[in-house]
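Chemist: Quick one: the structure is below, and I'll ask about it shortly.
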Protein chains: 2
Amino acid sequence: MAVQYFEDFAPGQVYRSGTVAVDAAAIKRYAAEYDPQPFHLDEDAAARSFFGGLAASGWHTASLTMRLLVDSELKPAGGIVGAGLDEFRWPRPVRPGDVLRVESEVLEARPSQSRPAQGLVKLRVTTLNQNGEPVLVMVPNLVVPRRET
Amino acid sequence: MAVQYFEDFAPGQVYRSGTVAVDAAAIKRYAAEYDPQPFHLDEDAAARSFFGGLAASGWHTASLTMRLLVDSELKPAGGIVGAGLDEFRWPRPVRPGDVLRVESEVLEARPSQSRPAQGLVKLRVTTLNQNGEPVLVMVPNLVVPRRET
């Protein structure tokens, strides 16, 4: 698939990803390294926690979202480089057995004031589980090169 | 260290973490699994990229930040459970050899309208490198239980 330059982005476009399945072993492996809290590591402790059962770390969900994005239809020239996020929330936890996919909708594409060779593309990235329920919603601003003319 | 309940949080408090050193191998290992873009995987490709040299994935920085938080002085009863973020940005990349630490400042503590047994604690979490420069700034809202009376 060809890469996309700033000029190729327009509001309303949707870029889709493949899927990734999340099992208890993957949840615990990420958590052991980066978020070792009981509700991400142990079913019994998780049952007694806020989550009511084993749940993926929100940062694991974010990491899996990034992997899905990198492998998705979204292929900005220069790579997926975020300047920051306008919004970031986890509407519900990711559970063992969930199958995740990502939809990225273009909200805005605007030239950079300070760097004429670049533009900023604002996306709404929604990570959905197998029931079509959002588990992560974020609004990043990507730095995207303009096509050389 | 004792855990903290909603009533223990007040604006202006700062909770500190230990440190974590980041090397090129760790950057590449995270990237290979979650963010396999050339500027996170290969020094030569990175030198020609937006980053001008090998840089950690922003989600790797976020994951390391979470690990530092879990091991920090911040010990909310019920764990570190975020309801979402008001702000999230990466002011500069993390490079091989960086040593990171986290400071969490309490911005606000307010009772939950819908759940009387909980409160929401808004923090500014700043991840700093060995030069005291911020590499990640986020403003999460944590769900924290009230002390049982």
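Rundown of residues vs (1) facing chain A (nearest Cβ under 10 Å); (2) touching a strand residue (DSSP E or B) at 6+ places or on another chain (Cβ under 9 Å), yes/no style:
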{"site": "B:Gly78", "(1), (2)": "yes, yes"}
{"site": "B:Gly82", "(1), (2)": "yes, yes"}
{"site": "B:Pro116", "(1), (2)": "no, no"}
{"site": "B:Gln130", "(1), (2)": "no, yes"}
{"site": "B:Glu133", "(1), (2)": "no, no"}
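Chemist: Let me ask something additional. Which count do you get for residues in the range B:104-113 that are open to solvent by less than 50 Å² (accessible area, probe 1.4 Å) and either at pLDDT 95 or above or not small (Gly, Ala, Ser) (or both)?
Modeler: Adding up the residues that qualify gives 3.
Chemist: Could you tell me whether B:Gly79 is without any contact (Cβ under 8 Å) to a residue 24 or more places away in the chain and either open to solvent by less than 20 Å² (accessible area, probe 1.4 Å) or of a type in the set (S, T, N, Q) (or both)?
Modeler: Judged against the criteria, B:Gly79 is a match.
Chemist: Name the pairs whose Cβ atoms lie under 8 Å apart, with the first residue in the range A:38-60 and within 22 Å of B:His60 (Cα to Cα) and more than 7 Å from chain B (Cβ to nearest Cβ), the second of a type in the set (Lys, Arg) and part of a helix (DSSP H, G or I), and 6 or more positions between them or separate chains?
Modeler: Final answer for the pair search is A:His40/A:Lys28; A:Leu41/A:Lys28.
Chemist: Let me confirm something: among B:Arg89, B:Arg67, B:Arg101, which residue is surrounded by fewer than 19 Cβ atoms within 10 Å (Cβ to Cβ) and facing chain A (nearest Cβ under 7 Å)? Steps first, answer last, please.
Modeler: Details: B:Arg67 fails: surrounded by fewer than 19 Cβ atoms within 10 Å (Cβ to Cβ); B:Arg101 fails: facing chain A (nearest Cβ under 7 Å).
Testing whether each residue is surrounded by fewer than 19 Cβ atoms within 10 Å (Cβ to Cβ) and facing chain A (nearest Cβ under 7 Å) leaves just B:Arg89.
Chemist: A further question follows. Report the residue count in the range A:118-149 for those that are acidic (Asp, Glu) and farther than 26 Å from A:Arg95 by Cα.
Modeler: First pass over the range A:118-149, keeping only residues acidic (Asp, Glu): A:133, A:148.
Now narrow it down to the ones that are farther than 26 Å from A:Arg95 by Cα: A:148.
Number of matching residues: 1.
Chemist: For the range A:1-50, give me each residue that is open to solvent by less than 40 Å² (accessible area, probe 1.4 Å) and of a type in the set (Phe, Trp, Tyr).
Modeler: Of everything in the range A:1-50, those that are open to solvent by less than 40 Å² (accessible area, probe 1.4 Å) and of a type in the set (Phe, Trp, Tyr) turn out to be A:Phe6, A:Phe9, A:Tyr15, A:Tyr30, A:Tyr34, A:Phe39.
The values are calculated or read from the model by the stated rules, or taken from the named source; none is laboratory data. Since this is a predicted model, take the numbers as computed values, not measurements. Every residue, glycine among them, receives a Cβ derived from its backbone with ideal geometry; neighbour counts consider all protein chains shown. We work out accessible area using only protein heavy atoms, side chains counted, and drop any ligands, DNA or RNA first. Shrake-Rupley method; radii C 1.70, N 1.55, O 1.52, S 1.80 Å.
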